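Encoded as structure tokens, the structure appears first; notes follow it.
The values are calculated or read from the model by the stated rules, or taken from the named source; none is laboratory data. Just so we're clear, the structure is a prediction, and the values are computed from it rather than from any experiment. Note: ideal-geometry Cβ built from the backbone for every residue, glycine included; neighbour counts use all protein chains shown.
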Amino acid sequence: MRDLYERRSDSVKEATDAYLHRPNEAELRWMGETSTYFLATGDETGGTFTLVDERAKRGVSVPLHLHRDDMESFYVVEGEITFFVGDQAGEKAGAGSFVHLPGGVVHGFRVESDTARYLILTTPHHGEFYRAITLPSRAGGSPPLESIDESQIEQACKEYGVEFVGPLPRED
């Protein structure tokens, strides 16, 4: 049966540039213990969007930042995440929640549940930023042995127009 699906997805790709990623087939990259599956890249979507599937543990956070030219949307699949937008108090978002952030909006987030899984829809340009701040997985999907270098993140921020504004507000 798998051979039939493989032939079908290959023939669909050839005919339409459509493609199919089955679970765990997309490119997997890591930042620390956060995994990022690249489900759709700008190259694969004709430059229209990037879609990633991230899985993170409690306490993982992204400080307040902005990217002026790149929108970003989050769909929480599992768990709970607090999103911080502008100078507003954090809003907890559970499974099924959707958050859209136009370019230029200050935002950040923190994973509140033991684990969280969320999809991020963004521009191809911002998707390449994700690639620049992550490392490829080892064989079998394991995280790399080395850590991402802070200077690599700083360089990627400059190159892709990501500006850090400050830390997330403290928890109550």
Step by step: first the residues of the stretch 51-109, then only those that are out of contact with any Phe, Trp or Tyr (no Cβ under 9 Å at 6 or more places or on another chain) and among the acidic types (Asp, Glu), then the one that is surrounded by the most Cβ atoms within 10 Å (Cβ to Cβ). Which residue is that?
72
Can you pull out the residues in the stretch 117-172 that are of a type in the set (A, V, I, L, M) and touching a Gly at 6+ places or on another chain (Cβ under 7 Å)?
168
Failed criterion for residue 13 (all others in (1) in a loop (DSSP other than H, G, I, E, B); (2) farther than 17 Å from residue 165 by Cα; (3) at pLDDT below 95; (4) not hydrophobic (A, V, I, L, M, F, W, C) hold)
(1)
Could you give me the residue pairs with C-beta distances under 7 Å whose first residue belongs to the stretch 137-156 and is touching a residue at least 12 places away in the same chain (Cβ under 8 Å), whose second residue is exposed (fewer than 13 other Cβ atoms within 10 Å of the Cβ) and hydroxyl-bearing (Ser, Thr, Tyr) wherever it lies, and which are 6+ apart or on separate chains?
none
Is one or more of the residues making up the stretch 32-47 assigned to a loop (DSSP other than H, G, I, E, B), surrounded by 15 or more Cβ atoms within 10 Å (Cβ to Cβ) and of a type in the set (A, V, I, L, M, F, W, C)?
no
Limited to the stretch 132-172, what total is found for residues that are in a helix (DSSP H, G or I), within 14 Å of residue 38 (Cα to Cα) and touching a helix residue (DSSP H, G or I) at 6+ places or on another chain (Cβ under 9 Å)?
1
